[in-house]
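What follows is a short report on a single structure.
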Amino acid sequence: MAATAHVAPLDDLIEHETGGDEPSCVCDPEAVPVEVGGLVVWVYVHASLDGREFAEEVP
């Protein structure tokens, strides 16, 4: 059995489509499998359209 979750940026240039098991969002989210207690959860990671991840510094 599998479940889905979405990670989407807040206050982006668009409202991201975070409903359903197969998102049709314009940002083309990346599907990442995450195992939680023996259950595989597909996490759809949405990219921002304002480019904020390029401005963030990773330590």
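Data overview
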| item | result |
| --- | --- |
| The chain, relative contact order [Cα under 8 Å, separation at least 6], % | 42 percent |
| Residues residue 45 and residue 13, FRET efficiency given R0 of 22 Å [Cβ-Cβ distance, rounded to 0.05] | 0.80 |
| Label assignment, Rg/Rh (Cα atoms, Kirkwood Rh) derived from the structure, set [x] 1.23; [y] 1.02; [z] 1.10 | [y] |
| CD proxy at 222 nm, helix term only [per DSSP H run n ≥ 4: -39500 (n - 2.57); per residue of the chain; nearest 500] | -1000 deg cm²/dmol |
| With all protein chains modelled, accessible area of residue 36 [1.4 Å, Å²] | 90 Å² |
| Those residues of the stretch 39-53 whose amide nitrogen sits under 18 Å from the label point placed on residue 26, 7 Å along Cα→Cβ | 46-53 |
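The values are calculated or read from the model by the stated rules, or taken from the named source; none is laboratory data. Since this is a predicted model, take the numbers as computed values, not measurements. Counting neighbours? That spans all protein chains shown, and the Cβs are built from the backbone with ideal geometry, glycine included. Side chains are part of the model used for accessible areas, which takes the heavy atoms of the whole protein and leaves out ligands, DNA and RNA. Shrake-Rupley method; radii C 1.70, N 1.55, O 1.52, S 1.80 Å.
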